[in-house]
Amino acid sequence: MNRNPYEFKDLDRIVHEIRLCCPGEEDGIIQWADETCGGTIRHRAHYEMERCMVPVRFSSSVWNNVPNEIENRDPEWLYALNRHSILLNLAKAYAFTRNAAYKDTFSSMMRSFLDNTSYRADCLNTSWRSLETGIRVENWLRSKAIFKASGSPLDKDLDERMDKSLLEHKKQLLETRRAFHRLSNWGVIQDHGLFLAASYLNDTDTAKLALDRLEEEVVNQVLPDGVHWEQSPLYHCEVLHGILDTLLAARRLGIGTGSIFRSRAEKMALALSLLMKRNGTLLLQGDSDEINCQDLVYLAACLFGSPTLMARSGGRRKEENCWDMEGLDVPEASRRVRDGLLEASGNYRIDTGLMEVRMSAGNLGSGHGHLNPLHVDFTYRGATLLTDSGRYTYVDCDERRTLKDFEAHNTFILEGLEHCRPYGSWGYTGIYEILRSPSVHSGRYTLIQASHLEYLGSRAVCRRKVLSLGERTVLVLDEVLAPENESFAYKAFWHVQPGSTLTEGEGRIVICNGSSRITMLPDHGTDPDIFKTGISPFYNIMEEGQCISLSKAVPGYGTVATLISGDEDATIKRLPVELIDAKTVLNETEACGLLIRADGCEWTVVSRSREIVNQVDILRCGSMEGYARVLVQEKGEKYPTGLSY
């Protein structure tokens, strides 16, 4: 007898809970199902990796052929269809309504798939690509469980045909593995499907093999801080889903899992909670979309009994959680921890409650990574104001290459000297090295800093320091480490969230998104420019946004300072820095002194891009005296705080 880990004891309770806890979710499920019953195909699942809202008429040919309506004949449309999330949605709609039309459409589409596809050579790059095969197993078993729990199981002949096809699924997933799969998200997604298929079909040896493969894959793919090495929060989610769902299924089937596998899963969930904004939305890092992923953190909290994860999940279950809660206890939420320094992967987050600042200083990762060294996002009072540009498409075209390039991210370049550029849809002409410096949190201050070697061939190194001051002010210091007798064309980019308004004047730029407003104060002598650009919050969707570019000629070891604050009256000005005993004023290549006022506070900051040859001496900047490479003192504090040496 087959064993389905998704079977329910009380489907009506689940439906009631979704209606109670997740208002609006039922309407979305029904709307999509009605559209499907009417013969229209759209890809709109929550975690669909390549959404597409272009309506396409269903026919038996679409399983293996990209319709003409799809822009650039993007094959991702075909892959999305063959994951069968659209069929699982029909099963969910039936659970809510018991409307026979949903079951009939599910059955007819499933028969069409089984009639027109199979595990054979001419389908391997269309309907039976191995990634889709792995995902499809879960959607089939969940659909079977819903129809059975509703008291109306699938017709016996269709059920048997699906089981026969699941044998083919298992065979393909067992046979399709090479070094690529051991390091790619594909491996976890496929072997999650292999574990489900083997367990359902009572093949204990293959189920154990799948668990062994999964354990090796998480060891290879998950960095010590829990971040998936491909540097894409979206694919981090896809991998984490496969791991958590494997743990859930194994628990229900009474199958043991290894401690390494479980510990890496918990680390991934903790990391995810820091790769999303406070509202649960993913950051647009690498190939990612702005989706809410709190459900994954919530499920992990229940599986591991973690109060920390429950707090970071927001404490409210999502529609996806409601189907999985039978037999799981819900832990109490702990006090939420705000900052998160994911050092191994180079993902840094400062969260004061009012502002969220994230800097990306990780390795490029796979082809899902973008040229985004030292990129900074900024969210204030729950609204994103400075953002990444997204991905839009995987088709090799201008939009794909533009969104992967330096200029699509909130970083800075030395114009005309780049050698790393996107090549095709997945490659690059070179890969720069990232150098991460220790991050420091001291009292009310947090300093994160990193460098990259993109311009090493031009004898220059780029370094960015991000210093938080108070609850809603951050100072960004960009340094060009190079011979001081050389000059470089510095250019920084700041991409503004679509729907925001910009007002420029009197040496400041005010950015407004709804009721959230921030002020950007460029450095003295910086030439600002504002232009239109494209930002893609979801695959296949491009929105018009704006970009602020800041240009300046910078000498070697020079520093460019940019202040971003929630206080519209914030100010910043340069101050001289001197050595007290030597009575020497340091030049702009030796030290950057700043006086910053915001929220009724006054800070003096000194940042030195390099060490200088001198006898033992103390730095003076305004009324602040001390010694460090990064030194900050708020007016009224007895001593300054050294954050970097």
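Numbers for the structure displayed
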quantity: Residue within the range 355-378 that is surrounded by 23 or more Cβ atoms within 10 Å (Cβ to Cβ), touching a helix residue (DSSP H, G or I) at 6+ places or on another chain (Cβ under 9 Å), part of a strand (DSSP E or B) and on the phi < 0 side of the Ramachandran plot present; calculated: yes
quantity: Total residues in the range 404-435, condition among the hydroxyl-bearing types (S, T, Y) and either touching a residue at least 24 places away in the same chain (Cβ under 8 Å) or under 17 Å from R459 (Cα atoms) (or both); calculated: 4
quantity: Candidate set from the range 197-212 (those that are under 17 Å from G134 (Cα atoms) and free of Cβ contacts under 8 Å to residues at least 40 places away in the same chain); member that is surrounded by the fewest Cβ atoms within 10 Å (Cβ to Cβ); calculated: D212
quantity: Unique residue being under 28 Å from G340 (Cα atoms) and of a type in the set (S, T, Y) when the list is S468, S487; calculated: S468
quantity: Residue check, R111 part of a helix (DSSP H, G or I), open to solvent by 20 Å² or more (accessible area, probe 1.4 Å) and either under 23 Å from W77 (Cα atoms) or among the charged types (D, E, K, R) (or both); calculated: yes
quantity: Tally of residues being touching a Phe, Trp or Tyr at 6+ places or on another chain (Cβ under 9 Å), open to solvent by less than 70 Å² (accessible area, probe 1.4 Å) and β-branched (V, I, T) across the range 408-445; calculated: 2
quantity: Candidate set from the range 509-535 (those that are assigned to a strand (DSSP E or B) and open to solvent by 50 Å² or more (accessible area, probe 1.4 Å)); member that is farthest from T571 (Cα to Cα); calculated: K532
quantity: Pick from the range 291-318, criterion in contact with a Gly (Cβ under 8 Å, 6 or more places away or on another chain) and either charged (D, E, K, R) or surrounded by fewer than 22 Cβ atoms within 10 Å (Cβ to Cβ) (or both), ranking: modelled with the highest pLDDT; calculated: N292
quantity: Condition check for T589: open to solvent by less than 40 Å² (accessible area, probe 1.4 Å) and out of contact with any Cys (no Cβ under 7 Å at 6 or more places or on another chain); calculated: yes
quantity: Subset of the range 598-611 [exposed (fewer than 15 other Cβ atoms within 10 Å of the Cβ) and closer than 15 Å to V630 by Cβ]; calculated: R610, E611
quantity: Residue selected from the range 619-645 under the condition open to solvent by 70 Å² or more (accessible area, probe 1.4 Å) and in a loop (DSSP other than H, G, I, E, B), by the criterion nearest to V476 (Cα to Cα); calculated: Y645
quantity: Inter-residue pairs, beta-carbon under 9 Å, first under 23 Å from R464 (Cα atoms) and touching a residue at least 60 places away in the same chain (Cβ under 8 Å) and in the range 620-632, second open to solvent by 10 Å² or more (accessible area, probe 1.4 Å) and not in a strand (DSSP E or B), 6+ apart; calculated: V630/Y645; V632/P640
quantity: Conditions (1) among the basic types (K, R); (2) without any contact (Cβ under 8 Å) to a residue 12 or more places away in the chain; (3) in a strand (DSSP E or B); number of the one not met by R597; calculated: (2)
quantity: Filter result (more than 25 Å from N485 (Cα to Cα) and touching a residue at least 60 places away in the same chain (Cβ under 8 Å)) within the range 600-619; calculated: C601, W603, V605
quantity: Members of the range 480-508 that are in a loop (DSSP other than H, G, I, E, B), free of Cβ contacts under 8 Å to residues at least 24 places away in the same chain and exposed (fewer than 13 other Cβ atoms within 10 Å of the Cβ); calculated: E506
quantity: Number of the exception - G258 against (1) of a type outside the set (K, R); (2) surrounded by fewer than 24 Cβ atoms within 10 Å (Cβ to Cβ); (3) touching a Phe, Trp or Tyr at 6+ places or on another chain (Cβ under 8 Å); calculated: (3)
quantity: Identity of the residue in the range 23-56, farther than 30 Å from N185 by Cα and among the hydrophobic types (A, V, I, L, M, F, W, C), that ends up least open to solvent (accessible area, probe 1.4 Å); calculated: I30
quantity: Residue in the range 558-579 that is at positive phi and either part of a strand (DSSP E or B) or open to solvent by 10 Å² or more (accessible area, probe 1.4 Å) (or both) present; calculated: no
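A quick yes/no check of all residues on (1) touching a helix residue (DSSP H, G or I) at 6+ places or on another chain (Cβ under 7 Å); (2) crowded, with 21+ Cβ neighbours inside 10 Å; (3) of a type outside the set (S, T, N, Q); (4) in a helix (DSSP H, G or I):
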site	(1), (2), (3), (4)
A101	yes, no, yes, yes
T105	yes, yes, no, yes
V137	yes, yes, yes, yes
K148	no, no, yes, yes
G151	no, no, yes, no
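For (1) in contact (Cβ under 8 Å) with a residue 40 or more places away in the chain; (2) closer than 27 Å to S259 by Cβ; (3) open to solvent by 70 Å² or more (accessible area, probe 1.4 Å); (4) assigned to a helix (DSSP H, G or I), each residue gets a yes or a no:
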{"position": "W128", "(1), (2), (3), (4)": "yes, no, no, no"}
{"position": "E160", "(1), (2), (3), (4)": "no, no, yes, yes"}
{"position": "L174", "(1), (2), (3), (4)": "no, yes, no, yes"}
{"position": "L214", "(1), (2), (3), (4)": "yes, yes, no, yes"}
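The values are calculated or read from the model by the stated rules, or taken from the named source; none is laboratory data. Here the structure is a predicted model, which is why all the values come from computation and not from measurement. Backbone-built Cβ (ideal geometry, glycine too); neighbour counts: all protein chains shown. Please note that ligands, DNA and RNA were not included when accessible areas were found on the heavy atoms of the full protein model with its side chains. Shrake-Rupley method; radii C 1.70, N 1.55, O 1.52, S 1.80 Å.
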